[in-house]
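Reviewing the structure listed below.
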Amino acid sequence: MEGLEKFINQVICGDALEVLRKMPDESIDLGITSPPYNKKEKHGGWLVDKVRYKGYRDVMPEEEYQSWQVEVLNELYRVIKEGGSFFYNHKVRYEDGKMIHPLQWLLKTKWNIWQEIIWNRKIAGNIRGWRFWQVEERIYWLVKGKPKELKPKHAKLTSIWEIRPEQGHKEHPAVFPIELPTRIIASLLEEEDGIVIDPFCGTGTTLVAAKLLGKKYIGIDISEEYVEYAKRRLEKAEKEKARVLKELSLHSIELTFKERKERGFWNKRA
Ligand SMILES: C[S@@+](CC[C@H](N)C(=O)[O-])C[C@H]1O[C@@H](n2cnc3c(N)ncnc32)[C@H](O)[C@@H]1O
């Protein structure tokens with residue numbers, strides 16, 4: 001086990017599980033990630049054909065994949081502080097006609113599932129007629145103990161997030177739109193200082209959002225190429241500030257729920 005200082009504001013090239021194992025218990029405030037989805041590119045890319053990572057092949061027997069995700073999530077549980085949260089983005093997949101749901105492995109972890117957020121991307125690849133067009137992904141808000149209550153300006157954003165997929169950063173096939181980690185960090189950490197981790201950080205979107213919001217960050221990715229990309233992106237983070245500010249402008253409220261109730265807002269409409 002090593003002190004956390006050497007990991008702070010670093011993008012580390014390595015295996016998420018191995019790197020996490022070196023970090024001290026209860027030392028990180030918040031985590032956000034989108035892991036590889038085990039899309040089985042070998043079988044012709046039944047999930048999204050164009051997703052091909054550099055330096056990583058997203059092919060595992062499903063059982064092994066799920067056990068790996070449980071191990072990573074439990075290691076994250078150890079390093080996150082009591083009262084801290086982890087936001088885990090994944091999606092419902094289908095294989096051999098059967099649904100594979102993220103809850104299948106999330107319920108085997110130590111985390112308490114606090115909320116399921118629907119990420120309505122409004123668009124997705126792989127349009128075949130076997131099912132209705134799946135344009136949503138899921139974001140699981142996982143908690144260790146009880147998190148702080150969100151301020152009304154964040155809580156009013158609803159559990160359906162309408163955020164279009166990222167169009168830039170073509171060097172990577174599955175980049176977060178920066179609005180997504182911005183929403184999470186701004187809502188959970190508010191003005192507080194804090195450390196944010198992304199154990200599968202890819203191009204470093206979570207880290208850039210954390211930096212622009214004045215938080216500390218730790219990123220891990222197995223691909224040297226993505227790690228270098230994330231480092232370059234962090235150096236010119238200011239260029240992405242306008243999108244972060246636009247997302248923050250959505251976090252505003254004229255009246256709280258309590259004030260609306262007191263003024264009979266809902267009664268009047270009924
Ligand atoms: C869905 S992408 C994350 C993209 C990221 N959210 C962004 O905005 O760029 C998943 C990442 O996991 C990385 N990865 C795959 N296996 C890994 C492992 N064992 N440890 C750490 N990173 C890994 C891949 O290189 C890929 O960049």
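Things worth noting here:
- Pairs where the first residue, in the stretch 48-69, is at pLDDT 70 or above and among the aromatic types (Phe, Trp, Tyr) and the second is more than 8 Å from the ligand (Cβ to nearest atom) and not in a helix (DSSP H, G or I), C-beta under 6 Å, 6+ apart: 65/38
- When residues of the stretch 139-154 are limited to those that are surrounded by 13 or more Cβ atoms within 10 Å (Cβ to Cβ) and free of Cβ contacts under 8 Å to residues at least 40 places away in the same chain, the one farthest from the ligand (Cβ to nearest atom): 151
- The stretch 209-219, subset within 13 Å of the chain's Cα centre (by Cα) and in a helix (DSSP H, G or I), residue farthest from the ligand (Cβ to nearest atom): 210
- Taking (1) out of contact with any Gly (no Cβ under 7 Å at 6 or more places or on another chain); (2) surrounded by 14 or more Cβ atoms within 10 Å (Cβ to Cβ) in turn, residue 80 satisfies each apart from (1).
- Top-ranked residue in the stretch 14-38 [being over 15 Å from residue 53 (Cβ atoms) and β-branched (Val, Ile, Thr); ranked as farthest from the ligand (Cβ to nearest atom)]: 28
- Residue 196 falls short of the stated requirement of being in a helix (DSSP H, G or I), of a type in the set (A, V, I, L, M, F, W, C) and touching a helix residue (DSSP H, G or I) at 6+ places or on another chain (Cβ under 6 Å).
- Within the stretch 162-191, tally of residues that are free of Cβ contacts under 8 Å to residues at least 12 places away in the same chain and more than 11 Å from the ligand (Cβ to nearest atom): 3
- Taking the criterion of being surrounded by 11 or more Cβ atoms within 10 Å (Cβ to Cβ), more than 25 Å from residue 29 (Cα to Cα) and not hydroxyl-bearing (Ser, Thr, Tyr), the residues of the stretch 240-270 that qualify are 253, 255, 257, 259, 260, 261, 263, 265.
The values are calculated or read from the model by the stated rules, or taken from the named source; none is laboratory data. In this text the structure is predicted, and so the values were computed from the model without any measurement. FYI the Cβ positions are ideal-geometry reconstructions off the backbone, even for glycines, and counts take in every protein chain you see.
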